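Enquirer: One structure coming up, written as structure tokens, with questions to follow.
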Amino acid sequence: MQFSLKLVLFLLPLFLLASCGASVDTEALVGKWQGVNLDYKQQGGLVDASSSYYDFKTDGTYTGTDISGTPESGTYKSLLNTLYLTPTGGSKRALELESQTAEKLVFNINPGAIPLLLTLKRVR
């Protein structure tokens, strides 16, 4: 009985955590996405992000250009509401999903700190 109670108390927060926020739909993520803007929430300004793009493949790989204009390719994985990008030869980055529709993605590219929202639109 005591073991069951401990198990429930351990698992309950995990289920609650998993149910919070939107999850990354990786099937809908596949395709090419063009940057639209960066929204600096604390400073209240939008910056053009049209030089960035990501092309997500069904095999878990991607190619693209990051917000600084640097070309990259690597792998991606999702866990709950976070998309993890691991560029070849680089460090893993976490993008926290704010919203996802068939035509638009919004990621917080600075999770755990001052929000920096990257909006992407589907190109194909």
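Enquirer: Once you put a point 7 Å from the Cα of S73 and another 7 Å from the Cα of T88, both along the Cβ direction, what distance in nm separates them?
Expert: Roughly 0.5 nm, to one decimal.
Enquirer: Using unit Cβ charges (K, R positive; D, E negative) and no other charged atoms, how large, in debye to the nearest 20, is the dipole of region 23-122 about its Cα centre?
Expert: Numbers: 9 positive and 11 negative charges, 13 e Å.
Using Cβ point charges on Lys, Arg, Asp and Glu, region 23-122 gives about 60 debye.
Enquirer: Using a ≥ b ≥ c from the Cα gyration tensor of region 52-124 (square roots of the eigenvalues), is it rounded, prolate or oblate, where a/c under 1.5 gives rounded and otherwise the larger of a/b and b/c decides, a/b for prolate?
Expert: Numbers: a/c = 1.33, a/b = 1.12, b/c = 1.18.
Judged from the Cα gyration tensor, region 52-124 comes out rounded (a/c under 1.5).
Enquirer: Under 26 Å between alpha carbons, and skipping anything fewer than 8 positions from K104 in its own chain: which lysines qualify?
Expert: Cross-link targets: K32, K41, K57, K77, K92, K121.
Enquirer: Could you put S52, S73, S91 in order, starting from the residue whose Cβ has the fewest other Cβ atoms within 10 Å?
Expert: Numbers: S52 20, S73 14, S91 7.
In increasing order of surrounding Cβ atoms, one gets S91, S73, S52.
Enquirer: Would you work out which of S99, A113, Y76 lies farthest towards the positive end of the dipole of region 73-124, given +1 charges on the beta-carbon of Lys and Arg and -1 on that of Asp and Glu, about the Cα centre?
Expert: Value: Y76.
Enquirer: Can you tally the net charge around E96? Count Lys and Arg as +1, Asp and Glu as -1, for every other residue whose Cβ sits under 15 Å from the Cβ of E96.
Expert: Working: positive: K41, K77, K92, R93; negative: D25, D39, E98.
Once all neighbours under 15 Å are counted, the net charge is +1.
All of the numbers you see were taken from the coordinates with simple rules; none came from a lab. Since we're looking at a predicted model, the values are computed, not measured. Backbone-built Cβ (ideal geometry, glycine too); neighbour counts: all protein chains shown.
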